[in-house]
Amino acid sequence: MTKVALAFDLGGTELRAALVSKEGNLLSFAAAPTHAAEGPEAVIHQIELLAAQIRAETPDLVPIGVGIGAPGPLDPEAGIVIAPPTLAGWYEVPLADILSNRLGLPAKLENDANAAAFGEWRYGAGRGAGSMVFVTVSTGIGGGVIADGRILHGRRGLAAEIGHMTITNEGERCFCGAVGCFEAVASGTALGRRATARTRQFDGSMLRNLSADLDVTGRHVVEAARKGDRQALELLDAEARWIGIGFTNLLHLYSPDTIVMGGGISHGFDLLHDTIVATVRDRAMQAYRDVPIVAAQLGRHAGLVGAASLVLWNDHSTDSAAQGLAGSDTPGANTLANEGEVNR
């Protein structure tokens, strides 16, 4: 019998659900806009409805449990969502226990960025690594750390808030209130803000044409750079140097076997890679300079696959991951489309 788990990726904008096999394949999928402003009960009811829809589509498959990736801060051991800024009214919500009772299955909760990291480690670009840092560069910067085959949680699951490393004492203030956060200078939002500041409405630039003379986004910068636009290429070069500085810190802190980059800006990974690597080699100590920096493979499904893995691989050991995936040339999450952006 196929071993499967129900997985949920709870974001402030979208709630996504899937039935996932132990091979990392999505066997069914559903999504809905998150009723984030309506409080915990409304969102939990949405989860119940999506669970029913998923199970109705695959009546012959019985999940062994439920894995949930949710925005932090949260406590994965206790299964409690503490106080996420993107979900109104959520304060100390015991989500794992609630879902276990309502769905009649054991449930495990994990930070959404950690879940995505776990998915990439089990089935994606981090397969075979003992230690890995996953970084998602999108609207913000998030990530997760796999250290010696286990998710690094820290106190109450709050470890690895890598977007809030201080890497400069200048620039725009981060939403957290500090100046100089990695996220504030290297996220897709920061890239778009710099592009908007360097252009003007109706100036005829490619960046403004792509944005329909509205604010320029990081995706517009990548698109323009692919077309050879000089301004966009200069902006991406600066972006890559900021990312390289942040990655240098991560190498020194965690000494991973690999760094995996996902998120919306990773669509331009091939344009960013050489400058990221050059920056790391210029700044990192010698022993860290040869660590591979690679693009994520699972796309927008990394969080779902990782959430399911919390249930499907409950030993969390590196050896079992390597043995279970040995000889596989195809990443998991390949039954349904792999496109899109990893939710932070």
Task: Per-residue SASA entry for His35, accessible area with 1.4 Å probe, Å² rounded to 10 - done: 80
Open item on the list: From Cα pairs below 8 angstrom and at least 6 apart in sequence, can you work out the relative contact order of segment 63-113, rounded to a whole percent?
Closed with: 47
- [ ] For the chain, build the charge dipole from Cβ charges (+1 Lys, Arg; -1 Asp, Glu) around the Cα centre, then report which of Ala287, Gly163, Gly188 sits farthest towards its positive end.
- [x] Ala287
Task: Computed magnitude of the charge dipole of segment 86-175 (debye, nearest 20; Cβ of K, R +1, Cβ of D, E -1) - done: 280
TODO: May I ask you to evaluate 6.51 cos²θ - 1.76 cosθ + 1.60, the Karplus curve with θ = phi - 60°, for each residue of segment 228-245 and list the ³J(HN,Hα) values in order in whole Hz, giving x for glycine and proline?
DONE: x, 5, 4, 4, 5, 5, 5, 5, 5, 4, 5, 4, 5, 5, 5, 4, x, 5
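Counting pairs of alpha carbon atoms under 8 Å apart in space and at least six apart in sequence, what relative contact order in percent does the chain give?
In percent, rounded to a whole number, it is 22.
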TODO: Quick one: accessible surface of Arg230, probe radius 1.4 Å, all protein chains present, in square angstrom to the nearest 10.
DONE: 150
- [ ] Work out the length of the dipole vector of the chain about its Cα centre, built from +1 on the beta-carbon of each Lys and Arg and -1 on the beta-carbon of each Asp and Glu, and round it to the nearest 20 debye.
- [x] 380
TODO: Could you look at the chain and say what percent of its accessible area is carbon and sulfur, using a 1.4 Å probe and all protein chains?
DONE: 50
TODO: Mind listing the long-range amide H neighbours of Val179? Cut-off is under 5 Å, sequence gap 5 or more, other chains count too, H placed in the peptide plane at 1.01 Å from N.
DONE: Cys174
Task: Degrees separating the helix 40-57 axis from the principal Cα axis of the chain, which is the longest one - done: 70
TODO: Just flag the chymotrypsin sites (Phe, Trp or Tyr not before Pro) in segment 87-190 sitting in loop per DSSP whose Cβ has no more than 12 other Cβ atoms within 10 Å.
DONE: Tyr91
Task: Given charges at Cβ of Lys, Arg, Asp, Glu: the chain dipole, positive-most of Pro63, Thr136, Ala224 - done: Ala224
- [ ] Within segment 164-246, list the GluC sites (Glu not before Pro) lying in a DSSP loop whose Cβ has at most 12 other Cβ atoms in a 10 Å radius.
- [x] Glu170
Open item on the list: Name the residue from Leu26, Val81, Ala7 whose Cα lies farthest towards the positive end of the charge dipole of segment 1-90, charges +1 on Cβ of Lys and Arg and -1 on Cβ of Asp and Glu.
Closed with: Leu26
Task: For Ile80, residues with placed amide H under 5 Å, excluding near neighbours - done: Asp75
- [ ] With a probe of 1.4 Å, find how much accessible area segment 1-155 has per residue, and write the answer as a whole number in Å².
- [x] 36
Open item on the list: Spelling out what I want: for every residue of segment 196-205, take phi, set θ = phi - 60°, compute 6.51 cos²θ - 1.76 cosθ + 1.60 (Karplus), and round to whole Hz; glycine and proline get x.
Closed with: 5, 5, 8, 10, 9, 4, 6, 7, x, 6
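In segment 150-218, what trypsin sites (Lys or Arg not before Pro) fall in a loop by DSSP, with at most 14 other Cβ atoms inside 10 Å?
Arg200
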Task: Proximal lysines relative to Lys108, as straight alpha-carbon distance under 28 Å, when same-chain residues fewer than 8 apart are discounted - done: Lys3, Lys22
Task: Integer Hz, Karplus 6.51/-1.76/1.60 couplings in order for segment 87-103, x for Gly and Pro - done: 10, 5, x, 8, 9, 6, 8, x, 4, 4, 5, 4, 5, 4, 5, 7, 9
Task: Amide hydrogen neighbours beyond the local backbone of Leu27, cut-off 5 Å, H modeled - done: Leu19, Val20, Ser21
TODO: Would you calculate a helix-derived [θ] at 222 nm for the chain, using -39,500 (n - 2.57) for each DSSP H run of n ≥ 4 and dividing by the full residue count, to the nearest 500?
DONE: -11500 deg cm²/dmol
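Can you work out the FRET efficiency for the pair Arg150 and Thr86, with r the C-beta to C-beta distance and R0 = 30 Å, to the nearest 0.05?
0.65
The values are calculated or read from the model by the stated rules, or taken from the named source; none is laboratory data. Keep in mind the model is a prediction, meaning the values are calculated, not measured. FYI the Cβ positions are ideal-geometry reconstructions off the backbone, even for glycines, and counts take in every protein chain you see. Quick note on the areas: whole protein, heavy atoms, side chains included, nothing else; ligands and nucleic acids left out. Shrake-Rupley method; radii C 1.70, N 1.55, O 1.52, S 1.80 Å.
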